[in-house]
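Structure record follows, encoded as structure tokens.
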Amino acid sequence: MNTSRPTAKQRLLWAALIGSTVLVAAAFGYLVTTFLYAFSGGQYRMVTVVNIGALVVVALGLVVAALTWRLRSPAAAAAATVLATCAGWVAVVIVEWVLSFSLGAT
């Protein structure tokens, strides 16, 4: 078993993988939630909620990546980031759905 620390190049590649995972998921999730909640049915009040939801998911992914990287390994950080980002978007979609009806969606 190789227990050596990753080189600077390997760390950079892992960081790029994690960053691209978070950014691609953020862009896709933002577009989906904007379409579902901010534009459909004239829910202009949901724009701020959608923006905050996207920022929360991005922050969640980056915090989970940093903590897991520090405690475990870059590979574990990448896996944890994917799971946290997916779970975050599921939670955001549910919260935004509930909020959209409380703000008057029909």
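Descriptive notes on the structure:
- Residue 68 touching a residue at least 40 places away in the same chain (Cβ under 8 Å) and among the polar types (S, T, N, Q): no
- Of all residues in the stretch 1-30 being without any contact (Cβ under 8 Å) to a residue 12 or more places away in the chain and not hydrophobic (A, V, I, L, M, F, W, C), the one that is farthest from residue 64 (Cα to Cα): 2
- Hey, residue 91 at pLDDT 90 or above, within 30 Å of residue 7 (Cα to Cα) and surrounded by 14 or more Cβ atoms within 10 Å (Cβ to Cβ) or not: no
- Check on residue 48, closer than 30 Å to residue 103 by Cα and of a type in the set (Val, Ile, Thr): yes
- Checked against the criterion of being of a type in the set (Val, Ile, Thr) and without any contact (Cβ under 8 Å) to a residue 24 or more places away in the chain, the candidates 48, 33 yield just one match: 48.
The values are calculated or read from the model by the stated rules, or taken from the named source; none is laboratory data. Here the structure is a predicted model, which means the values were calculated and not measured. Heads up, the Cβs are rebuilt from the backbone with ideal geometry, glycines too, and the neighbour counts pull from every protein chain shown.
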